[in-house]
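Novice: Could you have a look at this structure, given as structure tokens, before my questions?
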Amino acid sequence: MGGYLAKRALLALAVAVTVSLVNFTMVLLSGDIAVSIAGPTATYEQLERIRRDLGLDQPIVVQYLRWLGNAVRGDFGDSLFYRTPVADLILERLPVTLTLGISAIVFTILVAIPLGVVAALRPNSWIDRAALSLAVAGQAMPSFWFGLMLIVLFSVMFPILPPSGAESWEYFIMPTVVLGYSAMPAVMRLTRSGMIEVLTSDYIRTAYAKGLRHFKVLFKHALRNAVIPVVSLAAVQFGYMLAGSIIVESIFALHGTGFLAWEAMKTADLPVVQAILFVFSLFYIVLTFLSDMLNAWLDPRIRIG
Amino acid sequence: MTVQVANAAPATAAKSGPGFWRRAWRHRGLMIGLTIVAVVVAIAILAPFLTGKDPYYQDLLKRLKPPVWGGGSWDNPLGTDNLGRDYLTRLLYGSRISLLIGIAAALVAGLIGTVLGITAGYFGGRIDLAVTFLISVRLSMPVVLAALAVVSLIGGSLVVVIAVIGFLNWDRFAVVMRSATLQVRDLDYVTAARSVGCSNTRILLTEILPNIASQLIVVATLEMAHAILLEAALSFLGLGVKPPLPSWGLMVAEGKNHLLFEPWLVAIPGSALFLLLLAINLVGDGVRDVTAPDGR
Amino acid sequence: MAIRSIRQGGTAIAAAALVALATGSAWAGKKDDTLNIGWSRVVESNDVYFNQGVREGMIVGRLLWDNLVERNPTTGQYEPLLATSYKWVNETTLDLELRQGVKFHNGAAFTAEDVVYTLNWTSNPDNKVAVPIMVNWIKNAEKLGDYSVRINLKQPFPAALEYLNAAIPIYPHEYYAKVGTKGMSEAPVGTGPYTASNVQPGRTITLTKNPNYIVGGPKGTPTIGKIVQRTIAEEQTQVAELLSGRLDWMWNATPDTADNLRKRPNLTVVDGETMRIGFISFNANGTGGANPMQDIRVRKAVAHAIDREGITKALIRGSARVIPSACYPTQFGCAQDIPQYAYDPAKAKALLAEAGFANGLDIDLFGYLDRPHTEAIMNQLRQVGIRPNLQWLQFGPMFAAMQQGKAPFTHLTTGAWSINDVSITLRGSFAGGPWDIARDQQVIDLVLGADKIVDQAKRADLYKQVLTRINEQVYWLPLNTYYITYAFTSELDFTPHPDEVARFYQSKWK
């Protein structure tokens, strides 16, 4: 396990470095940080001076290394728009995004796993078809459209839920449903196919043959095995959700990290864009690493392979 | 760092032949999906013949006319938008843009992903390691954020949007193609081809590619739907294709400020988008079911 | 299904109980004396000197701080606020007597030190305030006594009082020196009618009535107990909040939304004048490489191709009107009787053909604010053969592109920082400074010349010459005025002003 862990950790680190380089280069090449810093009133000479001062005339790799060196110490520079440290801004807004992300993944799991199990127990029954339709609809539903429709329904036509803000848990209901629904199809399908596979496997048949009770077999044996891949998928989906909350946050006026990223893009606040891309990539890498570890721990065969 | 793919198709080779077509014909979802897609494609091709109007023609005196069922007239069956353009005409022409983006972005992604995936699967070893690493890197990049960042900084246009979406979504192609190639690589006919001295390229093109085509189709449909959805999201945030192009995503975005009082402006293109995405997903699921019946 | 999902969602969140969030909030408006206001624009800093003239920032600024003088929006007179009287010693020296007994929110007494510090610090170019033209006419300020100061000007500047009134609030010098701009943004301290709490820059701020506010000053005595501001990005979300009674005031409702809100019984919808004008700016000078807009015939073709009257009437409606010159009609020096270009597509086509574009041309059009309007313009340009490729950017990048000459023409608006004097626009955009993309020496000389003249009639005449030349050369194509639609609960007594600064300290519950 130790060797496997070290190998995986090293790989994750390599991925983190590469992805941050890609993100860094991408943002650097798409925008002109000197223009953003200098603001609309700068002269050409001022721009040149800023470029020199910031080392923007140096090779990208050199700039990247300097940025990374600061970033690992938690220093992402100052926001050009807010004029405060980027790290502070992100930390301030992370709780909202995390709350949204966690409640969305919990929602997804609470809805998708039971649905997947029920669908797997009765393949091709009406409930299976209903579950699948729900999944297909989830894949086809633009989340901004879903969010707007929910606002029309539950804030205007039947005003039972607040359309914007993050004051208390009621505020997170609609955003949670919208964000969670987008991740549901994948989790539901994987639970279903996993369950079907496990239920038709030899050891479950043996369990039944031994005369174990239906529910006990279902929950103690089948679900536990089917759920292993679902856990790692859920971790990955959670990573996607955090990064994908930008649209949901903008619709429901949740001032989380996604919204901060959106603002930063609008104002060409490149250090913030850089930092958020980095942080979300890191989240994803850590989450996949953890889910790999969990999988390896649950299923020893992986460690060898 | 395992490569995780939500909807990766099971890696079994395609089974074509009469059974395939019979199963396909009986698969209700696939048929419904294909019908809708065919209708949308027909609309896209025949748009100029279905309406005599110009999707760009604005008449500021005829702004925001409701659709017929909301008390409007048959002059503008779906009403008009905030610049007085005929909404039905824009919807019909809009199918072209949405399809174009879906197909073009899936092609870009497919090209990158397939080349990488097949190369990795076929040659294995270090090349495989490098490609797997690349896939991990790609997966770690937050797609929506990265796409938004690039488009917002360099400015959106049809080409930029297609390129960005294509370059950010090749991973699923690569994963599926890699594992499919791995499975096919050592099958008899491939080894046979190799033993008679066929070149690698030739083997890839003539032996391997046709045998994993069905999986390619499944991934392509998913990616097409994904691209259309992503374009719509970009357009919704004002960063997608440029006006006055009538993309459905852009139409939703432009109707956004009328959501509460003229909801049809959002509901109509939104429903069209939903239907098209639903159909494409149904086709993808259907092809998967038909080629690998137990792997939904 | 949706309802079921929501219930499950609710349980999920309640069960998770991840972050301790306060439940039960106060959204009651008049009943608990709290005015809930919302807008979409993010104010980057509550420190007024460090936001790019964002109107919302100025609104909050007026609640938190006071200026030296306050222009009475009805009479146009400058009334004493932190200064009790002022006197021009000569053309470049202004002496002010200050109000005594005023206290900052943190208890510090207001004295001449604060005025001197604020003016000297902000006008020092090293401190890089966001809108330097606001303070760059100040040479320095000196203390004459505990309650009297002298402001020395770099050169005669007749609009000085207007600038002092609009956007030069006085900061507590010890506090500002200690906490800096970041501290001031996060915990603002001023002398103004409201004090700040729960400040999250760019997101929300709570303002509470200042019980020790100046009595008998021109801003009056505040009556509403508490004002809670929230930033809500989407207009339709704001409207949803307003309709559900959780928001009491919003502004910048689009004309179509406004028409619908007018039908609601509990809401008051008012169209307010603003000093904002729309115009198209051309890269006539060819900065950043040759472009078709260097040819005056192409610029004139654009001017003739746009039905300014038609667009303004159909799209902007309300009190908006077409403007003949590149300034707001009430501004000092904003001449109206200058050359115009009538809507004449045939003439536009002829001009294009003459310029060698008989088959039309493809060209980038930049824009940032008023998209339906920009699109309507694009569609009219298409009719004469100019096929614009829209580059829709945010203000910052858009402005940078303009300056670097990447934008052949740009659809812009300016609110002139609410300064009722045409000098603000002309000094900013036509005096050879970094915002000047026309760079016409004749215009530059005229504008700089006018700056130094105290005789108002002569100054007005010079500005007329400038505006005439701008139109003749089509450096700018003036389009229209705007108006702002305010929508608020009918329980609120609120009066809008053309400077776009909502004066909540003068609002009352009915």
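The values are calculated or read from the model by the stated rules, or taken from the named source; none is laboratory data. Values in this document were obtained by computation on a predicted structure and should not be read as measured data. We place every Cβ from the backbone using ideal geometry, glycine too, and count neighbours over all the protein chains shown.
Novice: Name the one entry in B:D186, B:D171 that is among the acidic types (D, E) and within 14 Å of another protein chain (Cβ to nearest Cβ).
Specialist: B:D171
Novice: On to the next question. Please go through the stretch C:218-243 and pick out each residue that is under 23 Å from C:V42 (Cβ atoms) and not in a helix (DSSP H, G or I).
Specialist: Within the stretch C:218-243, C:K226, C:I227, C:V228, C:Q229, C:R230, C:T231, C:I232, C:A233, C:E234 qualify.
Novice: Residues A:G211, A:G239: which one is within 12 Å of chain B (Cβ to nearest Cβ) and of a type in the set (G, A, S)?
Specialist: A:G239
Novice: Got a sec? Which of C:V239, C:V269 is crowded, with 23+ Cβ neighbours inside 10 Å and over 30 Å from C:P80 (Cα atoms)?
Specialist: C:V239
Novice: Quickly run through the stretch B:140-149 and pick out the residues that are in contact (Cβ under 8 Å) with a residue 60 or more places away in the chain and not hydrophobic (A, V, I, L, M, F, W, C).
Specialist: none
Novice: Being farther than 30 Å from A:V27 by Cβ and surrounded by 13 or more Cβ atoms within 10 Å (Cβ to Cβ) is the filter here, so list the residues in the stretch B:177-188 that pass it.
Specialist: B:S179, B:A180, B:T181, B:L182, B:Q183, B:V184, B:R185, B:L187 - these are the residues of the stretch B:177-188 that are farther than 30 Å from A:V27 by Cβ and surrounded by 13 or more Cβ atoms within 10 Å (Cβ to Cβ).
Novice: Given the stretch C:309-418, what helices (runs of 4 or more DSSP H) lie entirely inside it while holding 1 or more residues that are touching a strand residue (DSSP E or B) at 6+ places or on another chain (Cβ under 6 Å), crowded, with 18+ Cβ neighbours inside 10 Å and in contact (Cβ under 8 Å) with a residue 12 or more places away in the chain? Spell out the reasoning first.
Specialist: Values: elements: C:345-354, C:371-384, C:395-403.
Once the helices (runs of 4 or more DSSP H) in the stretch C:309-418 are filtered for at least 1 residues that are touching a strand residue (DSSP E or B) at 6+ places or on another chain (Cβ under 6 Å), crowded, with 18+ Cβ neighbours inside 10 Å and in contact (Cβ under 8 Å) with a residue 12 or more places away in the chain, what remains is C:371-384, C:395-403.
Novice: Name the single residue, out of those in the stretch C:34-55 being part of a helix (DSSP H, G or I) and within 14 Å of chain A (Cβ to nearest Cβ), that is surrounded by the most Cβ atoms within 10 Å (Cβ to Cβ).
Specialist: Among them, the one singled out is C:V48.
Novice: Next up: Going by the conditions given, is C:G183 farther than 30 Å from A:L150 by Cα, outside any helix (DSSP H, G or I) and outside the structural domain of C:L96 (by TED's automatic domain parsing)?
Specialist: It is false that C:G183 is farther than 30 Å from A:L150 by Cα, outside any helix (DSSP H, G or I) and outside the structural domain of C:L96 (by TED's automatic domain parsing).
Novice: Regarding B:A105, is this residue surrounded by 23 or more Cβ atoms within 10 Å (Cβ to Cβ), within 22 Å of B:V160 (Cβ to Cβ) and not charged (D, E, K, R)?
Specialist: Here the answer is yes, as B:A105 does meet what is asked.
Novice: Based on what the data block shows, is B:N200 surrounded by fewer than 21 Cβ atoms within 10 Å (Cβ to Cβ) and of a type outside the set (S, T, Y)? Can you show your working first?
Specialist: On the way: surrounded by fewer than 21 Cβ atoms within 10 Å (Cβ to Cβ): yes; of a type outside the set (S, T, Y): yes.
When the stated conditions are applied, B:N200 passes them.
Novice: Turning to a different aspect of this structure: Counting only residues that are under 19 Å from C:T231 (Cβ atoms) and touching a Gly at 6+ places or on another chain (Cβ under 9 Å), how many does the stretch A:149-166 have?
Specialist: Total meeting the criteria: 2.
Novice: Please go through the stretch C:244-262 and give me each residue that is within 14 Å of chain B (Cβ to nearest Cβ) and either assigned to a loop (DSSP other than H, G, I, E, B) or over 20 Å from the mean Cα position of the chain (by Cα) (or both), ordered by number.
Specialist: Keep residues of the stretch C:244-262 that are within 14 Å of chain B (Cβ to nearest Cβ), which gives C:244, C:247, C:250, C:252-262.
Within the stretch C:244-262, C:S244, C:L247, C:N252, C:A253, C:T254, C:D256, C:T257, C:A258, C:D259, C:N260, C:L261, C:R262 meet the criteria.
Novice: Quick one: C:L369 ticks every box in (1) within 7 Å of another protein chain (Cβ to nearest Cβ); (2) within 19 Å of the chain's Cα centre (by Cα); (3) among the aliphatic types (A, V, I, L, M) bar one, so which box is it?
Specialist: The one condition C:L369 does not meet is (1).
Novice: Sticking with this one: Considering the stretch C:56-73 alone, what residues qualify as being over 26 Å from C:W435 (Cα atoms) and either within 14 Å of chain A (Cβ to nearest Cβ) or not in a loop (DSSP other than H, G, I, E, B) (or both)? I'd like the intermediate steps shown before the answer.
Specialist: Of all residues in the stretch C:56-73, those over 26 Å from C:W435 (Cα atoms) come to C:60, C:62-73.
Within the stretch C:56-73, C:V60, C:R62, C:L63, C:L64, C:V69, C:E70, C:R71 meet the criteria.
Novice: Please go through the stretch C:184-195 and give me each residue that is surrounded by fewer than 23 Cβ atoms within 10 Å (Cβ to Cβ) and either closer than 19 Å to C:W39 by Cα or within 11 Å of another protein chain (Cβ to nearest Cβ) (or both), ordered by number.
Specialist: C:E186 - this is the single residue of the stretch C:184-195 that is surrounded by fewer than 23 Cβ atoms within 10 Å (Cβ to Cβ) and either closer than 19 Å to C:W39 by Cα or within 11 Å of another protein chain (Cβ to nearest Cβ) (or both).
Novice: Quick check on this structure: which one of A:G180, A:G194, A:G138 is over 18 Å from B:L260 (Cβ atoms), in contact with a Phe, Trp or Tyr (Cβ under 6 Å, 6 or more places away or on another chain), within 14 Å of chain B (Cβ to nearest Cβ) and not polar (S, T, N, Q)?
Specialist: Criteria check complete, one pass: A:G138.
Novice: Can you pull out every residue in the stretch B:150-167 that is in contact (Cβ under 8 Å) with a residue 40 or more places away in the chain and surrounded by 21 or more Cβ atoms within 10 Å (Cβ to Cβ)? It would help to see each step written out before you state the result.
Specialist: Looking only at the stretch B:150-167, we keep the residues that are in contact (Cβ under 8 Å) with a residue 40 or more places away in the chain, and these are B:151-152, B:156-158, B:161-163, B:165-167.
Correct list: B:V151, B:S152, B:G156, B:V161, B:I162, B:I165, B:G166.
Novice: Scan the stretch B:43-51 and give yes if some residue there is more than 23 Å from C:L381 (Cβ to Cβ), modelled with pLDDT of 90 or more and in contact with a Ser or Thr (Cβ under 7 Å, 6 or more places away or on another chain), otherwise no.
Specialist: Yes.
Novice: Report whether or not A:I228 is part of a helix (DSSP H, G or I), facing another protein chain (nearest Cβ under 7 Å) and under 25 Å from the mean Cα position of the chain (by Cα).
Specialist: no
Novice: Of all residues in the stretch B:134-166, count the ones that are at the interface with chain A (Cβ under 7 Å from one of its Cβ atoms) and either among the small types (G, A, S) or over 22 Å from the mean Cα position of the chain (by Cα) (or both).
Specialist: Step one: list which residues in the stretch B:134-166 are at the interface with chain A (Cβ under 7 Å from one of its Cβ atoms), which gives B:136-137, B:140-142, B:144-146, B:148-150, B:152-154.
Keeping just the survivors that are either among the small types (G, A, S) or over 22 Å from the mean Cα position of the chain (by Cα) (or both) gives B:136-137, B:140, B:146, B:149, B:152-154.
The number of residues fulfilling the criteria is 8.
Novice: Can you report the number of residues in the stretch A:197-208 which are within 11 Å of chain B (Cβ to nearest Cβ) and of a type in the set (V, I, T)?
Specialist: Selection size over the stretch A:197-208: 1.
Novice: Now for a different question. Suppose the filter is crowded, with 24+ Cβ neighbours inside 10 Å and either part of a helix (DSSP H, G or I) or within 12 Å of chain B (Cβ to nearest Cβ) (or both); does A:F259 pass it?
Specialist: Numbers: crowded, with 24+ Cβ neighbours inside 10 Å: yes; either part of a helix (DSSP H, G or I) or within 12 Å of chain B (Cβ to nearest Cβ) (or both): yes.
Yes.
Novice: If you take the residues in the stretch A:88-116 that are more than 9 Å from chain C (Cβ to nearest Cβ) and surrounded by fewer than 19 Cβ atoms within 10 Å (Cβ to Cβ), which one is farthest from A:S193 (Cα to Cα)?
Specialist: A:D88
Novice: Quick check on my filter: what residues within the stretch C:74-97 are farther than 30 Å from C:T495 by Cα and part of a loop (DSSP other than H, G, I, E, B)?
Specialist: C:E91, C:T92
Novice: As an exercise: evaluate C:Y175 against (1) more than 20 Å from C:Q506 (Cα to Cα); (2) within 14 Å of chain B (Cβ to nearest Cβ) and give the number of the one condition it does not meet.
Specialist: Every listed condition holds for C:Y175 apart from (2).
Novice: Here is a list: C:D114, C:D66, C:D126, C:D95. Which entry is touching a residue at least 60 places away in the same chain (Cβ under 8 Å) and among the acidic types (D, E)? Even if it seems obvious, please write down each step before you answer.
Specialist: Working: C:D114 fails: touching a residue at least 60 places away in the same chain (Cβ under 8 Å); C:D126 fails: touching a residue at least 60 places away in the same chain (Cβ under 8 Å); C:D95 fails: touching a residue at least 60 places away in the same chain (Cβ under 8 Å).
Only one candidate qualifies: C:D66.
Novice: Do we find a residue being without any contact (Cβ under 8 Å) to a residue 12 or more places away in the chain, of a type in the set (S, T, N, Q) and more than 23 Å from A:G101 (Cα to Cα) anywhere in the stretch A:217-238?
Specialist: No: the stretch A:217-238 contains no residue that is without any contact (Cβ under 8 Å) to a residue 12 or more places away in the chain, of a type in the set (S, T, N, Q) and more than 23 Å from A:G101 (Cα to Cα).
Novice: Of the residues that sit in the stretch B:233-272 and are aromatic (F, W, Y) and within 12 Å of chain C (Cβ to nearest Cβ), which one is surrounded by the fewest Cβ atoms within 10 Å (Cβ to Cβ)?
Specialist: Filtering first and then ranking leaves B:F261.
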